[in-house]
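Each remark here refers to the structure printed beneath this line.
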2 protein chains.
Amino acid sequence: MPRVVVDVMPKPEILDPQGKAVLGALPRLGFVGVTDVRQGKRFELEFAGEITDAVLAEVHEMAETLLSNPVIEYYTVHLAEAEQPA
Amino acid sequence: MPRVVVDVMPKPEILDPQGKAVLGALPRLGFVGVTDVRQGKRFELEFAGEITDAVLAEVHEMAETLLSNPVIEYYTVHLAEAEQPA
């Protein structure tokens with residue numbers, strides 16, 4: 001099934017408490033070297049048909065109206081590569 | 001700054017109520033053609049130094065112990081490409 005991925009991240013100037021919590025936890029777990037963490041959302045949309053430019057345009061509209069809050073978040077849309085569960 | 005991305009998604013056999021809520025909202029907003037939605041998390045980790053294989057191995061360990069719940073989620077690790085905010 002063809003899939004489109006929408007990544008939604010907090011804008012750089014927006015405070016990200018979830019990311020900060022992860023950043024604070026890392027050294028306590030023995031991980032050093034990470035200077036910043038941002039946490040956002042990932043949506044995988046599955047389509048019945050082919051992914052055309054018109055479909056991608058519609059996904060951009062979904063991302064803007066439903067999946068993200070454009071005031072505080074930005075998003076990127078891309079086709080899903082075949083990923084293997086880790 | 002070099003960045004590593006960790007994508008965490010619910011395993012296929014795990015119920016995903018957030019994704020189902022999005023899937024249900026799409027037709028009400030006039031979007032058709034989406035057959036399934038899965039919602040997960042995206043972490044962007046920023047490092048001070050270079051991203052070596054040792055660093056990536058450590059990110060895998062972070063993903064397994066802190067960023068994901070391996071019982072119900074799987075994760076993928078990859079280097080961040082230069083992305084433009086949309």
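Quick notes
- Surface burial for B against A, with a 1.4 Å probe and both sides summed, reaches about 3400 Å² of accessible area.
- Charge dipole of region B:15-86 about the Cα centre (unit charges at C-beta), most positive-ward option of B:Ala48, B:Gly19, B:Thr65: B:Gly19
- Taking amide hydrogens as placed 1.01 Å from N in the peptide plane, the amide H of B:Tyr74 sits under 5 Å from those of B:Met9, B:Lys11, each at least 5 positions away in sequence or on another chain.
- Amide H contacts of A:Asp36: B:Glu46, each under 5 Å away and 5 or more positions distant or on a separate chain (H built 1.01 Å from N in the peptide plane; Pro and chain starts excluded).
- For the protein assembly as shown, the alpha-carbon radius of gyration amounts to 1.05 times the rule-of-thumb value 2.2 N^0.38 Å expected for a compact globular protein.
- Taking chain B as a Gaussian network of alpha-carbon nodes connected by springs under 10 Å, the highest mean-square fluctuation of the residues B:Val32, B:Val59, B:Val22 belongs to B:Val32.
- For chain B, the longest principal axis of the alpha carbon atoms and the long axis of helix B:53-62 meet at an angle near 50°.
- In nanometers and ordered shortest first, the copy-to-copy spacing of the B:Gly30 label point, defined 7 Å from Cα toward Cβ, is 5.5.
- Calculated from backbone phi, Karplus (6.51, -1.76, 1.60) coupling profile of region A:8-25 in Hz, x at Gly/Pro: 10, 10, x, 4, x, 7, 8, 4, 10, x, 5, x, 5, 5, 5, 4, x, 7
- DSSP-assigned coil residues among GluC sites (Glu not before Pro) in region B:24-60, each with at most 10 further Cβ atoms within 10 Å: B:Glu50
- Residue by residue along B:23-32, Cβ atoms of other protein chains within 10 Å of the local Cβ number 3 on average.
- Sequence-ordered 3J(HN,Hα) estimates for region A:39-52 from the Karplus curve with 6.51, -1.76 and 1.60 and θ = phi - 60° stand at 10, x, 10, 10, 10, 10, 9, 9, 10, 6, x, 6, 8, 9 Hz, glycine and proline given as x.
- Rolling a 1.4 angstrom probe over the protein heavy atoms with all chains in place gives chain B an accessible area of 52 Å² per residue.
- Per the Debye formula on identical point scatterers at the alpha carbon atoms of region B:1-48, with no solvent, log10 I(q)/I(0) at q = 0.15 Å⁻¹ is -0.54.
- For B:Lys11, the lysines whose Cα falls under 22 Å of its own Cα, not counting residues fewer than eight places away in the same chain, are A:Lys41, B:Lys20, B:Lys41.
- Spin-label proximity, A:Ile72 to region A:41-63 - amide N less than 20 Å from point 7 Å beyond Cα toward beta carbon: A:41-43, A:63
- Two-site FRET efficiency, B:Glu50 against A:Ala48, from Cβ-Cβ distance with R₀ of 45 Å, rounded to 0.05: 0.55
- Take every Cα pair under 8 Å whose residues are at least 6 apart in sequence, average their separation, divide by the length of chain B, and the relative contact order is 50 percent.
- Reference-scaled alpha-carbon Rg (2.2 N^0.38 Å with N residues) for chain B: 1.33
- Counting protein heavy atoms only, chain B has 58 percent of its accessible area on carbon and sulfur, 1.4 angstrom probe.
The values are calculated or read from the model by the stated rules, or taken from the named source; none is laboratory data. All of these numbers come straight from a predicted model, not from anything done at the bench. Cβ sites come from the backbone with ideal geometry, for glycine too, and all protein chains shown count toward neighbours. We work out accessible area using only protein heavy atoms, side chains counted, and drop any ligands, DNA or RNA first. Shrake-Rupley method; radii C 1.70, N 1.55, O 1.52, S 1.80 Å.
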